[in-house]
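The values are calculated or read from the model by the stated rules, or taken from the named source; none is laboratory data. What you see is a predicted model, and the numbers here were worked out from it, not measured in a lab. No Cβ is skipped: glycine too gets one built from the backbone with ideal geometry, and neighbour counts run over all protein chains shown.
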């Protein structure tokens, strides 16, 4: 390469560098101008927005100032109106106070005037009272002189007269109160009892304990006795029942206190007679079989009775005792049927009174449970039944109801009274119980004698099959006040000394007759 070419190359490089520098300078200058113009536009826009924002803020401030001024003026007007109303009220109250003050002033003047008048009247009354006391004293002295009685004697005479009058009025009042109470109580009781009787429609059947067995012929008696009495001894040992073979044609009598044993003996003897084979082994076989059947019947009868009444939770032993009542009678009435009947009646009456029906039915069903074992345990059947109920864990109210259903224990709840009422209703209805003619006549005679034993009783008549005693008194010896107490005393005497089903009504009659003959 030549020197010239080198110089030319260096010059070209220098020229290129200068041209590049100049180009860069021009480009930077154009960017600066562009940025300056952009900044000027931004400033111009910002000034425009600031002016617009200031105007908007000024308008908003003016609007808020206007609203605040309007609200203030409105509140000011309202407060002004309220102040005017308060002023008017205060003015009215002030006027009322002024009127009241004037009224009180007038009243005060009137009171002062009345006090002055009353003081004068009081003075006049004191003078009159003094005059009256003097007059009374003079009249008292005059009366003593005329009557010849001292003050104490006259007072005693007056007190005796007042006492007699008070006793007469008290007797009349007591009779009126008793009549009213009796009528009201009878209405309510009759209503409840009528509802119970209407809702429980039982057949009026009286069952008697069967103690005889019919024989096809008198020859059968010899076969029952057997050679040297071995058959009858085997039968008695197996059943625990006495067999009475007497001259009664074609009849054998069975005697035992236990009704279940007697029933087993009756069924066994009837089967032996029907079969015709009567000897000791056969007797024992038949009696054992019949005993199992009767025990099954007893259990089923107790379970069915409890199921029919809706009574659950009774222990099996208690169910068995309940079933034994199927073969127990009282005054000719079957005790199990009687117990069912009392349970139904008590349940109905308890429902009418709003009491627990289940408790009432339980008491009614078990009230005579003591009769199932009263031939084995000494004591009243109510006490025996209560002990059994306690033994089997029954509630206290049930135990108390059983113990008190005959009045041997004092009633403590409504259930006890319902038990007594249900037992009396079931026992006293027509056909429920039978009574021998001799016992019936003796009861009526004793009832009449009890009434005749009282002072002033002239005659007594037992009527309505002994359910009422009509007492005639001597009018000269017993007045109208005394017949009330006499009826009460006779009823108490009957309750204490006489056994009877249901209740006995005591009616005392006092009659005064005036007789004159026209001639």
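Being at pLDDT 85 or above, touching a helix residue (DSSP H, G or I) at 6+ places or on another chain (Cβ under 8 Å) and assigned by TED's automatic domain parsing to the domain that holds residue 358 holds for only one residue in 457, 414, 469, and it is 414. In segment 245-287, the qualifying residues are those that are under 50 Å from the mean Cα position of the chain (by Cα) and loosely packed, with under 15 Cβ neighbours inside 10 Å, and the one that is modelled with the lowest pLDDT is 257. Note on segment 280-305: residues that are touching a residue at least 40 places away in the same chain (Cβ under 8 Å) and under 17 Å from residue 328 (Cβ atoms) amount to 1. Every condition in (1) over 20 Å from residue 416 (Cβ atoms); (2) out of contact with any strand residue (DSSP E or B) (no Cβ under 8 Å at 6 or more places or on another chain); (3) touching a residue at least 12 places away in the same chain (Cβ under 8 Å) is met by residue 309 except one, and the failing one is (1). Within segment 467-475, does at least one residue satisfy the condition of being under 41 Å from the mean Cα position of the chain (by Cα) and surrounded by fewer than 17 Cβ atoms within 10 Å (Cβ to Cβ)? Checked segment 467-475: at least one residue is under 41 Å from the mean Cα position of the chain (by Cα) and surrounded by fewer than 17 Cβ atoms within 10 Å (Cβ to Cβ).
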